[in-house]
1. Filter the range 77-107 down to residues that are in a loop (DSSP other than H, G, I, E, B) and either within 15 Å of the chain's Cα centre (by Cα) or in contact (Cβ under 8 Å) with a residue 40 or more places away in the chain (or both) and give me whichever is nearest to residue 152 (Cα to Cα).
2. Out of the residues in the range 108-127 that are surrounded by fewer than 18 Cβ atoms within 10 Å (Cβ to Cβ), within 20 Å of the chain's Cα centre (by Cα) and in contact (Cβ under 8 Å) with a residue 60 or more places away in the chain, which is nearest to residue 307 (Cα to Cα)?
3. For the range 63-76, which residues satisfy the criterion of being over 22 Å from residue 229 (Cβ atoms) and assigned to a strand (DSSP E or B)?
4. Looking only at the range 57-84, which residues are touching a helix residue (DSSP H, G or I) at 6+ places or on another chain (Cβ under 7 Å) and within 17 Å of residue 146 (Cβ to Cβ)?
5. Does the range 172-188 contain at least one residue that is part of a strand (DSSP E or B) and either closer than 26 Å to residue 311 by Cα or touching a helix residue (DSSP H, G or I) at 6+ places or on another chain (Cβ under 8 Å) (or both)?
6. Mind listing just one residue for me: the one in the range 232-252 that is closer than 11 Å to residue 192 by Cβ and touching a strand residue (DSSP E or B) at 6+ places or on another chain (Cβ under 7 Å) and, of those, surrounded by the most Cβ atoms within 10 Å (Cβ to Cβ)?
7. Quick check on residue 175: is it buried (at least 16 other Cβ atoms within 10 Å of the Cβ), modelled with pLDDT of 95 or more, over 15 Å from residue 69 (Cβ atoms) and in contact with a strand residue (DSSP E or B) (Cβ under 6 Å, 6 or more places away or on another chain)?
8. For the range 196-209, enumerate the residues that are out of contact with any strand residue (DSSP E or B) (no Cβ under 7 Å at 6 or more places or on another chain), under 23 Å from residue 73 (Cα atoms) and either free of Cβ contacts under 8 Å to residues at least 60 places away in the same chain or assigned to a helix (DSSP H, G or I) (or both).
C-alpha cells in the first residue's frame, strides 16, 4: 500500500512539474494573440504537452522538421525561431541514446552544421536536407531517405515549420461564408508568413509527411510546436478560433493536423518544454543541457556563421522574435527550476 502511495505522489509531482514548464513557455511575450479570447489556441491544445512528452519517451528514431524562411529579411533567410528549440530536443534525445535527425531546407543547414561542430554532436545527430521539389510519392520517398539515416522512426516533430493554409473543403459549413469573405482565393492552400507573405516556393512541402493516413500506416506519431497559427499542427485548432485570436489568422491558419500540438509564446520555448518533459517522463531530468549561456552561444553562432535572421525584425542579429534576450533567459530559468523541483 505504501508503495502505491509513493507512486501516486511521484506521479502527482511530475504532473506539477509539467504544468510549471508549460506555464513558463505559454506566456504570450510577443502579443501574438494566443489567448486573446476565452476560446483560444492554448485552451484548445490543453493536455497535449503532457501527452506529447509521454509519447516521445517511448519509441524509436525521431525526425525533427524546422526552418522558416523570411522573404522580407535583409538578406532573406531562415529565422532564428525553431532551430534552437529543434537542437535542444535533438540533444536531449541523443543524451537518452535515441537516434535523431534534423531536417530543414538547404539554406538552414549551415546553422546546424556549425552548432553540431561546436557541441561535438556531429556523430550523434544527423542532418538531412528537406527537398523542395514536390512530386508523386514525396512523403514515402523522403521517409525512405530518413530511414536510411536512423532506421526505424516512431515520431515526427515539426517546430516552427509553416504549413499550407485552409482550402474550402476543410471549413465547417457554418463558417464558409466568413471564410469566403475574409480570405483571398489566391492565398488559400498556400504557405504564408504571419504577415501573409507567400513562402510556398521557398518551403519544402514536408506537411505531406504529416498526412494522418500516411503516418498511421507507418506507425509514426506526429507532434507540432508553434506560436502563431500558421505552423504544422495548427490544423488541430478550428479555423474560426485562429481567425478570431490571431492577426491575419483567417488567412494564415495552417490546415495540417498532428496527434499532439504544443502552443508556446515562442516556438523555441516549446522545444525547451518538450525536451524537458521528455526527461521528466524518462525519470532523468538531471540530463538536461538547457542553459541560457549555452543557448545564447548557439544563437550567436547560428546568426554569425549560419546566416539566420530574427523573424520579426528581419535582421541578421542575435535575436529571436524581436524579444530582448533577458525574456528568453527568464523562460529558460523557469524551465530549469521546474526540472529541479523535488518532492
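1. Residues of the range 77-107 in a loop (DSSP other than H, G, I, E, B): 80-82, 96-99, 105.
Narrowing the set further to residues that are either within 15 Å of the chain's Cα centre (by Cα) or in contact (Cβ under 8 Å) with a residue 40 or more places away in the chain (or both) leaves 80-82, 96, 99, 105.
Working: 80: 29, 81: 28, 82: 24, 96: 16, 99: 9, 105: 23 Å.
Result: 99.
2. So the residue we want is 110.
3. Selection gives 63, 74.
4. 61, 62, 63, 64, 65, 66, 67
5. Step one: list which residues in the range 172-188 are part of a strand (DSSP E or B), which gives none.
No, the range 172-188 has no match at all.
6. 252
7. Working: buried (at least 16 other Cβ atoms within 10 Å of the Cβ): yes; modelled with pLDDT of 95 or more: yes; over 15 Å from residue 69 (Cβ atoms): yes; in contact with a strand residue (DSSP E or B) (Cβ under 6 Å, 6 or more places away or on another chain): no.
In short, no.
8. Residues of the range 196-209 that are out of contact with any strand residue (DSSP E or B) (no Cβ under 7 Å at 6 or more places or on another chain), as a first pass: 196-197, 201, 204-205, 208.
With under 23 Å from residue 73 (Cα atoms) added as a condition, the list becomes 196-197, 201, 204-205.
Those that are out of contact with any strand residue (DSSP E or B) (no Cβ under 7 Å at 6 or more places or on another chain), under 23 Å from residue 73 (Cα atoms) and either free of Cβ contacts under 8 Å to residues at least 60 places away in the same chain or assigned to a helix (DSSP H, G or I) (or both): 196, 201.
The values are calculated or read from the model by the stated rules, or taken from the named source; none is laboratory data. Worth saying up front: this structure is predicted, and the values here are computed from it rather than measured. As a convention, Cβ positions derive from the backbone with ideal geometry for all residues, glycine included, and neighbour counts pool all protein chains shown.
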